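One structure is given below, encoded as structure tokens.
Taken together, the values in this text are just the output of simple stated rules run on the coordinates, not laboratory data. All values derive from a computational prediction rather than experimental measurement. Cβ placement follows ideal geometry from the backbone for every residue including glycine, while neighbour counts extend to all protein chains displayed.
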């Protein structure tokens with residue numbers, strides 16, 4: 001059986017629906033199929049590799065069906081679980097589910113606004129002038145009455161503070 005582990009891995013890589021399912025699940029199913037093949041193989045009936053390949057394929061299909069939650073009889077008829085629609089109405093007033101979910105951009109914007117509030121006033125002002133208003137450091141310098149080099153240092157310190165707060169939040 002140990003000499004056929006590569007066969008199981010090769011079939012798992014080939015049969016995995018990349019982006020649709022976890023490759024570890026497919027690999028686990030393949031190893032399960034290899035184990036079943038080793039238990040049930042009868043040497044007088046042919047090659048172990050050919051028999052194992054069939055059992056591995058079957059185990060991958062069976063694992064996929066079991067994870068789907070669809071009964072086996074329906075799965076074999078080609079019935080697949082329905083995709084969830086985010087356009088379904090939620091509650092009263094015609095709101096849709098997609099409208100109720102917070103987008104990652106909203107969450108990031110909220111985090112950034114909160115992180116900027118916690119910065120010292122000068123650092124916050126420099127970042128807002130540089131990134132929200134698009135001003136170069138040479139234009140920010142006279143506004144805060146500092147040299148361009150000092151603006152660069154202030155900006156670097158502010159970005160370091162933001163990185164530190166992001167690592168704490170994560």
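Results, tabulated for the structure shown:
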| read-out | value |
| --- | --- |
| Highest-first arrangement of 134-146, 28-40, where packing means the average Cβ count within 10 Å | 28-40, 134-146 |
| Fraction of alpha-carbon pairs over 19 Å apart in segment 2-76 - percent | 35 percent |
| Per principal axis, descending, Cα span of segment 104-169 in whole Å | 35, 20, 15 |
